[in-house]
Amino acid sequence: MSHTILIVDDSLVVREALCELFALEEDFNVCGEAENGREAIAKAQDLHPDLILLDLSMPVMNGLDATRILKRVMPEVPVIMFSAYSDSPIEKEARSAGVSALVSKSENIAALLGKVRSLV
């Protein structure tokens, strides 16, 4: 069974790389992309993904604010924050916002795939 993922990042390069990564995985399908938190909320409500992968720092609405809203409207959908920022205060704030896991962009991509698999 294939699981759907919504990818949210203000960087087109990052979104494209993540789409390519998940295209190589038989059990995942990228159902949509967004470049900020506000767009992510609208797309998530339209597409009903199995998992949302989003960045912390984005224009219009950041990942923490978007997660707070997403968890109110779609509490069952896990959210992974994939960010360059991964220090302890950020992780604490992300957890309180409802983020299921925080993965640093500097980690090996296998760490991201492992977190995604464990949450769907």
Task: Which numbered condition Phe22 misses (of (1) at pLDDT below 95; (2) touching a strand residue (DSSP E or B) at 6+ places or on another chain (Cβ under 9 Å); (3) part of a loop (DSSP other than H, G, I, E, B)) - done: (3)
TODO: Please specify each residue of the stretch 21-36 satisfying the condition of being touching a Ser or Thr at 6+ places or on another chain (Cβ under 8 Å) and within 17 Å of Met74 (Cβ to Cβ).
DONE: Cys31
- [ ] For residues that are in contact (Cβ under 8 Å) with a residue 60 or more places away in the chain and part of a loop (DSSP other than H, G, I, E, B), tally how many sit in the stretch 9-19.
- [x] 1
Open item on the list: Take the conditions part of a strand (DSSP E or B) and either open to solvent by less than 60 Å² (accessible area, probe 1.4 Å) or β-branched (Val, Ile, Thr) (or both) and apply them to Ile5. Does it pass?
Closed with: yes
TODO: Can you tell me which residue within the stretch 45-95, out of those that are touching a Gly at 6+ places or on another chain (Cβ under 9 Å) and charged (D, E, K, R), is farthest from Asp10 (Cα to Cα)?
DONE: Arg72
Task: Which numbered condition Val116 misses (of (1) out of contact with any Lys or Arg (no Cβ under 8 Å at 6 or more places or on another chain); (2) free of Cβ contacts under 8 Å to residues at least 24 places away in the same chain; (3) of a type outside the set (Lys, Arg)) - done: (2)
- [ ] Could you please tell me which pairs satisfy a Cβ distance under 6 Å, a separation of 6+ or placement on different chains, a first residue in the stretch 29-52 that is charged (D, E, K, R), and a second residue that is open to solvent by 50 Å² or more (accessible area, probe 1.4 Å)?
- [x] Glu35/Asp10; Arg38/Val60; Asp50/Val120
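The values are calculated or read from the model by the stated rules, or taken from the named source; none is laboratory data. Because the structure is predicted, anything quoted here is derived from the model rather than measured. Quick reminder, even Gly has a Cβ in these numbers, built from the backbone with ideal geometry, and neighbours come from all protein chains shown. All accessible areas refer to the heavy atoms of the entire protein, side chains included, with ligands and DNA or RNA removed. Shrake-Rupley method; radii C 1.70, N 1.55, O 1.52, S 1.80 Å.
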